[in-house]
Amino acid sequence: MAVNIDTVYQRVLAIANKEQRGYITPQEFNLLANQVQMSMFEEYFYDIDEMGKRHGNDTEYSDRLDNLNEKISIFSMQDVVLANSGGAELITNGEFDSNIDDWTVVDPANGTVAWEQAGAANNYDSSISITQSANGGGISILQSFTTVIGKRYVVEALMSGVVDGGAGEPGYQITARNNDLSTVTFETGAALAGHIIRFEFTAEDTTSRISVGNTSTANSGHVLKFGRVSVKKKSTEYTLPSDLYRFGTLLVSDKEAEQVLPNELRYINAAPLTKPTTSRPIYTRKNLNAVNVYPETITGGVTCNYVRKPSTAEWDYVVINEKALYNATGATNFELHPSEETYIVIRILELAGVILNKQGLVQIAANEEMQIAATQKK
């Protein structure tokens, strides 16, 4: 369901040329196309507010409020998981950009550990390669970092490649430890290239350690490649989707969170009756790109509903014999409802008349726009 951008461009050119108003280049058209798309998209929200104040009707296809909601539903996103932004990175050289000097090898007799440059074998991501030898014992790497007792931390590791030794199953284990090497928690499973392992732990010591190990079975010499290992202090901040346009509802484990103002947060937390809980969460908007969710004990399950932006429309082309020819493969159509096709053409023509300095074209388009507004929007 979309409005074909080539159809719109050809109609705009046909009308402009018919009126002898001039030629609109693809670059100009693309700029005007997106200006019009966003302008019309924003108008939907104001039109819904206006139509909501009026009585609707019982017709199946002609209720104006229903039609507006249908146009916006194209962009409605539901139950989108939000990622915790986390604090500063605590792991040194967790990207394995140039070496593995900051990591300590544990049980080196059970295999080998080596740094690998970016290449096809590790999805073009520099990595650390942990190979289990034939004796079947696990081999791992370890790094220490400073933590605050009682605070939550987020561990994330990217497995960029796996070489199957042929027998048994390649396996991994990532473990959060205290400074005395006692285990706080761990994550283990079957190794899979491209897999992102993520879990959280509560620090029990002022110094914690993370170990990343190859625990493959059957003495088969499996190789695990990790492109990233990260540990960050858990934050109340969650990153909003990059395509967000209008924010809707925020949910924590399917419980709707109440939005409060940042300056109200201190007073809400101070009173036992209003203090947020996991069954009665609250949130504040930090900025256009993030929210803060409370209480701090929330460990995940934060989702939101929102209306996303329309994709950027583009009439793509290739130049053949000094002429721009439409390239459907690289083009992006308008995402607006198909019923908007005529209105898009008129609105682009109106702006094109300004660019070409042709008031006659502006007037023609404006008259058509007024007629549509009189029948469809009023």
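Note on the range 196-231: among residues that are out of contact with any Lys or Arg (no Cβ under 7 Å at 6 or more places or on another chain) and hydroxyl-bearing (Ser, Thr, Tyr), the one that is modelled with the lowest pLDDT is 220.
Of all residues in the range 65-86, those that are free of Cβ contacts under 8 Å to residues at least 60 places away in the same chain and within 15 Å of residue 47 (Cα to Cα) have Cβ atoms under 8 Å from Cβ atoms of residues that are surrounded by 15 or more Cβ atoms within 10 Å (Cβ to Cβ) and not hydroxyl-bearing (Ser, Thr, Tyr), 6 or more apart or on another chain, in 65/48; 65/51; 68/47; 68/48; 68/51; 69/48. Looking at 20, 27, 10, 35, which one is touching a Leu at 6+ places or on another chain (Cβ under 9 Å), modelled with pLDDT under 95 and polar (S, T, N, Q)? Exactly one of 20, 27, 10, 35 is touching a Leu at 6+ places or on another chain (Cβ under 9 Å), modelled with pLDDT under 95 and polar (S, T, N, Q), namely 35. In this entry, residue 41 is excluded by the filter for residues that are in a loop (DSSP other than H, G, I, E, B) and not acidic (Asp, Glu). Quick check on residue 97: is it assigned to a loop (DSSP other than H, G, I, E, B), surrounded by fewer than 14 Cβ atoms within 10 Å (Cβ to Cβ) and either touching a Gly at 6+ places or on another chain (Cβ under 7 Å) or touching a residue at least 12 places away in the same chain (Cβ under 8 Å) (or both)? The answer is yes for residue 97. Which residue out of 322, 314, 256 is modelled with pLDDT of 95 or more, exposed (fewer than 13 other Cβ atoms within 10 Å of the Cβ) and out of contact with any Asp or Glu (no Cβ under 8 Å at 6 or more places or on another chain)? On inspection, the qualifying residue turns out to be 256. So which pairs qualify, if the first residue must be in the range 223-236 and touching a residue at least 40 places away in the same chain (Cβ under 8 Å) and of a type in the set (A, V, I, L, M, F, W, C), the second must be surrounded by fewer than 18 Cβ atoms within 10 Å (Cβ to Cβ) and part of a strand (DSSP E or B), the Cβ gap must be under 7 Å, and the two must be at least 6 apart or on different chains? Taking only residues 6 or more apart or on different chains, the pairs are 223/163; 231/145.
Residues satisfying the criterion are present in the range 134-151 (criterion: part of a strand (DSSP E or B), among the β-branched types (Val, Ile, Thr) and surrounded by 15 or more Cβ atoms within 10 Å (Cβ to Cβ)).
Residue pairs whose Cβ atoms lie under 6 Å apart, sitting 6 or more positions apart in sequence or on different chains, and linking a residue in the range 101-117 that is part of a helix (DSSP H, G or I) to a partner that is of a type in the set (A, V, I, L, M), are 110/139. Mind listing whichever residues of the range 194-225 are over 22 Å from residue 146 (Cβ atoms) and either within 26 Å of the chain's Cα centre (by Cα) or β-branched (Val, Ile, Thr) (or both)? Result: 194, 195, 196, 197, 215, 217, 223, 225. The strands (runs of 3 or more DSSP E) located wholly in the range 159-230 that include 1 or more residues which are under 19 Å from residue 116 (Cβ atoms) and not hydrophobic (A, V, I, L, M, F, W, C) occupy 171-178, 207-214.
Name the single residue, out of those in the range 111-126 being at pLDDT below 85 and of a type in the set (S, T, N, Q), that is least open to solvent (accessible area, probe 1.4 Å). Within the range 111-126, the match that is least open to solvent (accessible area, probe 1.4 Å) is 122. Kindly establish whether residue 83 is touching a strand residue (DSSP E or B) at 6+ places or on another chain (Cβ under 6 Å), modelled with pLDDT of 85 or more and open to solvent by 40 Å² or more (accessible area, probe 1.4 Å). In short, yes. Hey, residue 179 hits all of (1) open to solvent by 70 Å² or more (accessible area, probe 1.4 Å); (2) in contact with an Asp or Glu (Cβ under 7 Å, 6 or more places away or on another chain) but one; which does it fall short on? (1) is the only condition that residue 179 fails.
The values are calculated or read from the model by the stated rules, or taken from the named source; none is laboratory data. As the structure is a prediction and not an experimental result, all values here were calculated from the model. For neighbour counting, all protein chains shown are included, and Cβ atoms are generated from backbone atoms with ideal geometry for every residue, glycine included. Calculation scope for accessible area: heavy atoms of the full protein, side chains included, ligands and nucleic acids excluded. Shrake-Rupley method; radii C 1.70, N 1.55, O 1.52, S 1.80 Å.
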